[in-house]
Structures are given as C-alpha cells and as structure tokens.
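*Asks:* Next up is a structure, given as structure tokens.
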Amino acid sequence: MAIARTSGGADAASAGISRRRFVGYLIAGPTLVAAAELGLVEQAKASIPTAQPVDLYDLSDLLTDATRPTANLITVAVNSDGTASFEMPRAEVGQGITTAVAMTIAEELDLPVSKVNVTLADARPELVWNQITGGSNTMHSIFTPVRVAAAIARGALLEAAAIELGSTVSQLTAKDGVISAPGGASVTYGALSAKAAASQTQTASAQLKSTSQFTVVGKPQKRVDALDIVTGRKRFAMELNVPNAKPTMVCRPPTINGSAQSVKNLAQVKSMAGVTDVAISPNSRDVAGGVAVRADTFGQCIDAVRALQVVWGPGPADGKSDASVLADLKKAELPVPPPVNLLAKTLDQRFTFHSRPRDPLEPNCAIADVRPGSP
C-alpha cells in the first residue's frame, strides 16, 4: 500500500485535514498581522497505488511543497480603517488570482470582498520558490496559508473584542467587519486592529471554517480589477513612472534557446533616434538571451528591435515540429496497467492539447533597479 499525501492546497478540507490542525503566528506590529506555518501536514488515508506516479505526486504537489518553508513569510494584515491587506507574491496575468485570494481572505475574516486589498508584492529573495507563477498552482499552494493567516487574525480580533465588550469569544459573532455581543453592543475590526496586535511575535492556532460555512468561496464574484481594466484605470508595469529609468526591449531568437551571434547593422541601429545602447545578451541557465535595446521611449525601442539584422545560432529544438514532439511524448508514455477485473469493459482514449498564443494587454515585462555595487 502507498500513502497518498495531501498537497495542503485548495482540497485540504476534502483530504481530511482537521479545522484545528494548523498553527501560525501573530507578528509583532502596531496593527494586527498574521502568518501561517505549514511545515507539517498530516498524511491522508492510504490509497491503492497505480502504475502512474503522477496519480500520487505531480507537478502541482512539487510546486506546493516548494512553498512550504517560506509560507510563514506571507502575511495578512488588518488595518485601522477596517480593511485587510495582502501582498501577493505571484504575478497577476489575467488568471484572476487577486480576486480569488481576496475572496479567500474575506471568507475567513468575515469581511466583504470590497474591504480586502490585494496588491502585487515586489520580488523578495527570501521567498525563494514561494513566488513562482505557473503550472496553474497559485491557488493550490497559497489557498491554505492565506486561510490560516486570515483565521488567526480573526481569532485575535474576537479575543480583543471579548475584552472590549465584556463578553466571551463563544458568545460573539463576526459579520462584515463588525463583531457583536449579545445585547447589541458591537465593535469594528478597525477599532480592534491595534488592540488585537501582538507586542511580540507569538504562535497562534487557527480554526478554519468548514466548507459548509462558506458564503464567499465557491460563489459568483466579479473580478476586483474588472472595472479598472475596462475603463483604462488599471496600471501595468510599463506605465509605472520610475525617475531616470529608460525602457529596454529584447529581440528574442526565432527558435527555442537559439543564441545571438552578431548584429549585421549594429552601427545603424545605434544611430537611430533615441537609442542609447544595443548589446547581445548571452543565454544562461535560467534566462534565454537575445539582443537588448535601450532607448528613450518604448516606441524607439520597438523601431530599433524591428530594424535589427541578427545572425542567430541554432537552438536545441531546431528542426523539431509538432509531429516530432508529439511522437517523442508518446514514446515516453508509461504503459497503462490492466484492470483488476479482466472481464471489465475499459475505455482507452488519447487527447492532445495544443498550446495557443495569448493576447495579454501588455507583454511580459519587469522593472529592474540596477545600481553600482548591487548584485
């Protein structure tokens, strides 16, 4: 028998994890800040193994486990105005994770979604793998630690409210950012945010809601950024105003991991209006290379990139096609084991999913703050 372990993600409740099993931290600060600790997760019940390892442990499990060591470094904060804040260590690229996380926090904190502010965090080296966006893993890996942090914050608010209202936690009810006691006395989250804050970092237990109590998660919800997107108010990385920064664009090779050997018309491109630098960027283990162009404006960058006449070296996938890649994948397939009941009817089908280009509102981009002496 093999032990099927739970990923601790969005299916944690259905995998048999108790509501009282998680601990986290109240972080010392002027207002309430809470974090989760997910170092250990109980194993689920044993299950019958199959010949497919992916049924026991797949890429999403791997990505989720990679986030566990730094789960306690992402926090949910309750502010003095009664709102909650969370800095998302992932990239919102249209998949809706800011809305999903806002719903998760609103659920555990008993707040309206409109009172949860989810912003995108700057890169944090100490988070390591806990800031990877990919593999449709964000909500798998972040759902439980966000729930735990929000639940710990809610518990601290209830304890502070019990003192404030002269009641007991069991008698209190929380709804829409207000905690009420029998008899009608109440106090807002904003009024409690400082009183519920910890003077020093300390461990705390979390009581997660059961899925039967959910009123936000799993229900229809408009995207929190939809109005800003359709009205043009949403700001993208390209629109951030960084003093003295200049836009840079990279001309990429026409094939996967191809490399730039030389630029035939280098002098001509360097003399184009606004262009300040043109340089070959070599391939590295983690980053594909190309030819980088810096100019005064994005328009001048685009013009220069389009004018480049680059001599490209071959990449490892040159000569491959959809058909040859599909053939390689079929060769790597593991055999399907026969059914336990040899007389049972079986269905064996193959499905091929082809990647299609997206239409983002802006291309992938980032802001690099490079200074003399910085790594």
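None of the figures in this text is laboratory data; all of them are computed from the coordinates on show. If you're wondering where the values come from, they're calculated on a predicted model, not measured in any experiment. For neighbour counting, all protein chains shown are included, and Cβ atoms are generated from backbone atoms with ideal geometry for every residue, glycine included.
*Asks:* Can you tell me which of 257-263, 267-273 comes out highest on packing, and rank the rest after it, using the mean Cβ neighbours within 10 Å?
*Replies:* On the way: 257-263: 16.9, 267-273: 13.3.
Top of the packing list down: 257-263, 267-273.
*Asks:* Here is a follow-up. I need the peptides 57-66, 187-196 ranked by packing, meaning the mean over residues of other C-beta atoms within 10 angstrom, with the highest value on top.
*Replies:* The packing order, highest mean first, is 187-196, 57-66.
*Asks:* So for the chain, averaging the separation of alpha carbon pairs under 8 Å that are six or more residues apart and normalising by length, what relative contact order in percent results? Kindly include the intermediate steps, with their values, before the conclusion.
*Replies:* Working: 621 pairs, mean separation 65.6, N = 375.
Once normalised by length, the contact order is 17 percent.
*Asks:* Still on this structure, I have one more. Once the cut-off is 15 Å, how many percent of the Cα-Cα pairs in region 126-207 end up in the long-distance tail? Kindly include the intermediate steps, with their values, before the conclusion.
*Replies:* Details: 2111 of 3321 pairs.
In whole percent, the long-distance tail amounts to 64.
*Asks:* Between Glu87 and Glu333, 0.36 nm times their residue separation minus their Cα-Cα distance comes to what? Provide the component values of the computation, followed by the final result.
*Replies:* On the way: separation 246, 0.36 × 246 = 88.56 nm, distance 4.03 nm.
Value of the extension gain: 84.5 nm.
*Asks:* Also, quick follow-up: Please compute the Kirkwood hydrodynamic radius of region 243-375 from all pairs of different C-alpha atoms, in Å with one decimal.
*Replies:* Details: mean 1/r = 0.0529 Å⁻¹.
Mean inverse Cα-Cα distance, inverted, gives 18.9 Å.
*Asks:* Also: So how much slack lies between Asp318 and Thr211, counting 0.36 nm per residue of separation and subtracting their Cα-Cα distance, in nm? Intermediate values should be presented prior to the final figure.
*Replies:* On the way: separation 107, 0.36 × 107 = 38.52 nm, distance 4.99 nm.
Result: 33.5 nm gained on full extension.
*Asks:* Okay, moving on. Please quote Rg/Rh for the chain to two decimal places, taking the Kirkwood radius as Rh and restricting both calculations to Cα atoms.
*Replies:* Details: Rg = 25.9 Å, Rh = 24.7 Å.
Using only Cα positions, Rg/Rh for the chain is 1.05.
*Asks:* Turning to a different aspect of this structure: What is the Å³ per residue value for the convex hull set by the Cα atoms of region 241-313?
*Replies:* Per residue, the Cα convex hull of region 241-313 comes to 92 Å³.
*Asks:* Report the percentage of all Cα-Cα pairs in region 133-176 whose separation exceeds 14 Å, rounded to a whole percent.
*Replies:* Details: 564 of 946 pairs.
So the portion of pairs separated by more than 14 Å is 60 percent.
*Asks:* Once both axes come from the Cα atoms, what is the angle between helix 97-109 and the longest principal axis of the chain, in degrees from 0 to 90, rounded to 10?
*Replies:* Value to nearest ten degrees: 10.
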